[in-house]
Structure formats: C-alpha cells, structure tokens
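Taken together, the values in this text are just the output of simple stated rules run on the coordinates, not laboratory data. The structure presented is a predicted model; accordingly, all values stated were derived computationally and were not measured.
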Amino acid sequence: MKKLLSSFLIASAFVAMASSASAADLERTRELVWTDATSTFSARYGDGTTGQTFLENFTFNVGGAGTAVSSALVSIALDGLSRVGISSFTLSGNGQTYTGTQLSSGDLQTFSLRTNGLTSGLYTLSVAGTVLGSAGGSFAGNISVAPVPEASTTAMMIGGLGLVGFAAYRRRRKAGDDGAQMTSAQMMPA
C-alpha cells in the first residue's frame with residue numbers, strides 16, 4: 001500500500017510538471033474597456049523576458065445574437081531590441097474558435113480577424129507568442145463589435161431607398177415636363 005501511494009504521488013508530480021511546462025511563461029487575462037463599439041488591447045514585455053512565451057487573454061461580453069467582430073493586431077520590431085514573435089491570434093467563446101489570418105511577417109507582423117453571427121456570451125481574444133528582443137517587445141491591436149442587421153431590416157432599408165429614388169425621379173421628370181410646356185408656350189405667337 002505504501003509503495004502504491006508513493007508511486008501515485010510521484011506520478012502526480014510528473015503530471016503537474018508536464019502541465020506546467022506546456023503553459024506560457026507570461027500569462028495574463030484582462031477585460032477589454034470599450035469606447036462605443038471599439039476597444040484597444042496591448043501588451044509590453046521588458047528586460048529579462050527574452051525567450052519567454054506569453055499568452056495574453058482579453059475578455060468581453062456580447063449582449064445580442066448576430067454580432068460581427070473585426071479586429072487587427074500589429075507588432076513592429078525595433079532592430080533586435082524590441083521584438084515578439086506572434087504564433088497565434090484567436091477569438092473563442094460559446095464553444096467556437098475563430099483564428100486570425102497573418103497578413104505580414106518579419107519585422108512588421110500584422111494579423112486580421114473577422115467573423116459574423118456571434119451569439120450572446122463571454123468571449124476571449126487571445127494573443128500567444130515568444131519574446132524575441134533583447135530588451136523585450138510589444139504588440140497592440142483594436143477590436144470592433146457591432147450588431148449585424150437582420151435580413152428584414154436590410155430589405156426594409158433597400159425598399160425605402162428605392163422609394164426615395166423613385167420620388168426623386170418623378171420630381172425631376174415633372175420639372176422637365178413643366179419646363180418643356182413653358183418653352184412651347186413661349187414660342188407660340190400671341
């Protein structure tokens with residue numbers, strides 16, 4: 001029994017070490033602060049962080065169904081002093097994960113992430129990577145969240161624009177007919 005218990009404790013210690021080895025060296029979770037439907041996010045790593053991995057999580061709530069998200073992420077390397085290598089840019093929540101697209105790499109890393117139809121709930125925007133600069137590194141981005149209009153609302157808007165266009169057409173045509181009548185009246189001898 002004693003051997004079984006000590007074997008269990010040793011195995012538990014190895015599992016704990018293995019799971020901590022896969023975690024990021026630097027990991028933070030923060031809630032986004034919104035100005036209207038837009039928020040900014042960023043992280044900075046200073047001296048002594050070179051070679052460490054990071055995972056930055058930014059959380060927010062979506063209030064209504066059918067919400068669209070658009071986000072961009074940028075990291076600019078300053079010689080070898082300030083540089084991060086971003087390995088993933090994702091949005092997750094309600095059992096879904098959306099992956100950002102890397103648009104450029106090297107000294108200027110840019111990512112874009114867009115999706116429609118988010119449902120109500122808690123979402124996490126995550127940025128993962130490695131600090132590569134001798135004096136650390138940084139990244140920054142923005143995110144916009146907006147409700148997507150329902151199909152009936154869009155159809156009503158298009159119909160309204162059509163009516164406004166038709167009214168303008170009729171008004172212009174009537175003005176043209178009145179002008180033509182005045183021209184013929186002016187040409188007739190009295």
Length released on extending from S134 to S105, taking residue separation times 0.36 nm less the Cα-Cα span: 8.5 nm
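If I stretch the segment between T97 and N61 completely, what's the gain in nm (0.36 nm per residue apart, minus their alpha carbon distance), one decimal? Present the calculation step by step, with values, prior to reporting the outcome.
Values: separation 36, 0.36 × 36 = 12.96 nm, distance 1.52 nm.
Difference between extended and current length: 11.4 nm.
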